[in-house]
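All remarks here apply to the structure that follows.
The values are calculated or read from the model by the stated rules, or taken from the named source; none is laboratory data. What you are looking at is a predicted structure, and each value in this text was computed from that prediction instead of being measured. Ideal geometry is used to build each Cβ from the backbone, glycine not excepted, and the neighbour counts take in all protein chains shown. What goes into the accessible areas is simple: the full protein's heavy atoms, side chains included, and nothing from ligands, DNA or RNA. Shrake-Rupley method; radii C 1.70, N 1.55, O 1.52, S 1.80 Å.
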Amino acid sequence: MSHSETGNRPAGLFISLEGGEGAGKSTQLAAVREWYEQRGREVLVTRQPGGTALSEKIRGLLLDREHDGMSPLAELLLLFADRAQFLDEVVRPALREGRVVICDRFTDSTRAYQGGGRDLDRDTIEAVARVVHGDLEPHLTLLLDLPVSTGLARASNRGEADRMEVAGQPFHERVRRAYLALAEEFPDRIHVIDASLPPAQVSDAIRNTLEHFHEQH
Ligand code: TMP
């Protein structure tokens, strides 16, 4: 793995998994983790919103259906408050230590859900993103894409729906469209994976993408 080695320690690597509801991210996170561990890398698997004690509390606020009147801007700022803590406490230290950080969602979720879903202005999102993470973006993003109805049906089998899951099919269609537009905007970073396939085939596609990515970097 040639990803710019510094001394004996490999360079940190930041990978995000993205996708709509029920895309199977949890299952596929394990495949990504295994791929790197088999190659001797130290891996940290984490998530957004969440990933620190404070961030998990903010996650609770964001997903609790009690807050169904939350304004889109309040939602955006809570997400980025969470992310600021998460970057300081988790991501930056792990990258400095040369780990592979595998993150279940990052700012592409904000672009898709708050930008596409909630129709917040993209410039506003990018302005806050710049303050919170500057130009730190994942080196590689795996976008698990599948039809909204399939994803929502899968997610509904997982217990009580959270505030995002109940936002309705048109909201989730806008999220999916926004994700696919991001993949066109950032073709070098974001790789679309067909998540409607059986999980083992999705894992195969992910492993192929990882191999290809590391051949090129
Ligand atoms: P999940 O990580 O269990 O899929 O749930 C997190 C929910 O939060 C999911 O519906 C997507 C949503 N979300 C946003 O709306 N914006 C964001 O920036 C992030 C990270 C997540």
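Summary table below
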read-out	value
Filter pass, A183 being out of contact with any Lys or Arg (no Cβ under 6 Å at 6 or more places or on another chain) and more than 12 Å from the ligand (Cβ to nearest atom)	yes
Meets criteria (assigned to a loop (DSSP other than H, G, I, E, B) and without any contact (Cβ under 8 Å) to a residue 60 or more places away in the chain) for G69	yes
Subset of segment 149-165 (residues that are open to solvent by 30 Å² or more (accessible area, probe 1.4 Å), farther than 13 Å from G20 by Cα and within 11 Å of the ligand (Cβ to nearest atom))	R158, A161, D162
Every pair of residues 6+ apart whose Cβ atoms lie under 6 Å, when the first sits in segment 72-84 and is over 13 Å from A112 (Cβ atoms) while the second is open to solvent by 10 Å² or more (accessible area, probe 1.4 Å) and not in a helix (DSSP H, G or I)	P72/R118; P72/L120; D82/P49
Test: E137 is under 30 Å from P93 (Cβ atoms), open to solvent by 30 Å² or more (accessible area, probe 1.4 Å), touching a residue at least 40 places away in the same chain (Cβ under 8 Å) and of a type in the set (D, E)	yes
Residue that is farthest from the ligand (Cβ to nearest atom), among those in segment 85-118 that are part of a loop (DSSP other than H, G, I, E, B) and open to solvent by less than 10 Å² (accessible area, probe 1.4 Å)	G98
Answer from R176, R154, R163 - the residue that is over 16 Å from the mean Cα position of the chain (by Cα), part of a helix (DSSP H, G or I) and more than 30 Å from R99 (Cβ to Cβ)	R154
Some residue of segment 119-126 being surrounded by 22 or more Cβ atoms within 10 Å (Cβ to Cβ) and among the charged types (D, E, K, R)	no
In segment 189-217, the residues that are within 15 Å of V32 (Cα to Cα) and either among the charged types (D, E, K, R) or surrounded by fewer than 14 Cβ atoms within 10 Å (Cβ to Cβ) (or both)	P199, A200, Q201, D204, R207, N208, E211, H212
Hits in segment 45-59 - residues which are assigned to a helix (DSSP H, G or I) and either more than 11 Å from the ligand (Cβ to nearest atom) or of a type in the set (A, V, I, L, M) (or both)	A53, L54, E56, K57, I58
Filter result for E42 (away from the ligand (no atom under 13 Å from the Cβ), open to solvent by 40 Å² or more (accessible area, probe 1.4 Å) and within 17 Å of the chain's Cα centre (by Cα))	no
Index of the failed condition, Q48 passing every other in (1) farther than 26 Å from V148 by Cα; (2) within 16 Å of the chain's Cα centre (by Cα)	(1)
Residue in segment 21-37 that is part of a helix (DSSP H, G or I), small (G, A, S), surrounded by 20 or more Cβ atoms within 10 Å (Cβ to Cβ) and at pLDDT below 95 present	no
Criterion violated by F186 - all others in (1) open to solvent by 30 Å² or more (accessible area, probe 1.4 Å); (2) farther than 16 Å from G19 by Cα satisfied	(2)
